[in-house]
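Structure first, commentary second.
Bear in mind these aren't lab numbers, they're just calculated from the coordinates by the rules spelled out. Just so it is clear, the structure is predicted and the values come from calculations on it, not from any experiment. Cβ placement follows ideal geometry from the backbone for every residue including glycine, while neighbour counts extend to all protein chains displayed.
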């Protein structure tokens, strides 16, 4: 899961009651399911080839929606295709609500106190360190069943996966209430490059399969 490429992009924007509007983030969405339309996860920020482009499109849409009286967070999805070596982005949906990429970005922001610059297509911490993440709220495997949230935290710490505030890198978890019974959880893998964020995801998946297997065999 989780490669960049042609497909669905998303932006988050916000219009404040004071009248200010901003582009909060851009994402490359990962879709799956039987019809390929189920949101599985996302890369943040969107790929550097077009992050600035869709950021400016988001700002334009935000300005227009503000004129219509919209207040609060909203998201816009784009279908992106590459034609003659140029990316073209077609807005296909506006969601006047929080979405699947809202809480992963808030987790990053609360943990690092950084800000996304849509004009550069980059997220920087206060000490000007770039950060990226890959997130999913649909990580599920039969081997995970029986693991408890405390088990998950212990496994992450023992395998050097858990988010480290000193390096501002690592994995944070959510939706842990579904772990033991359904073998399902969510995670945000934060790193200093897209590749390292993806590596955190792959390592977490592999480690949990092994540790989950131990849990099942010991029942």
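Across 137, 49, 35, mean-square fluctuation computed from a Gaussian network of the chain (C-alpha pairs under 10 Å connected) peaks at 35. Measure nothing fancy, just the Cα-based angle from helix 194-217's long axis to the longest principal axis of the chain, in degrees from 0 to 90, nearest 10. Once rounded, the angle reads 30 degrees.
Starting from the Cα gyration tensor of region 73-135, take the square roots of the eigenvalues, sort them a ≥ b ≥ c, and report rounded, prolate or oblate (rounded when a/c is under 1.5, otherwise prolate if a/b is larger than b/c, else oblate).
Working: a/c = 2.70, a/b = 1.41, b/c = 1.91.
Oblate.
Against the chain, whose longest principal axis is taken from its Cα atoms, helix 102-112 shows a tilt of about 80°. Per residue, the convex hull around the alpha carbon atoms of region 125-219 comes to 84 Å³.
Sorting the segments 16-23, 128-135 by their mean number of nearby beta carbons within 10 angstrom, highest to lowest, gives 128-135, 16-23. Which residue fluctuates most in the GNM of the chain (Cα springs below 10 Å): 60, 112, 172? Ranking 60, 112, 172 by mean-square fluctuation puts 60 first. Taking Cα atoms only, the orientation of helix 149-158 departs from the longest principal axis of the chain by about 90 degrees.
With the cut-off at 1.5 for a/c, could you classify region 1-145 from its C-alpha gyration tensor as rounded, prolate or oblate?
Numbers: a/c = 1.40, a/b = 1.22, b/c = 1.15.
Judged from the Cα gyration tensor, region 1-145 comes out rounded (a/c under 1.5).
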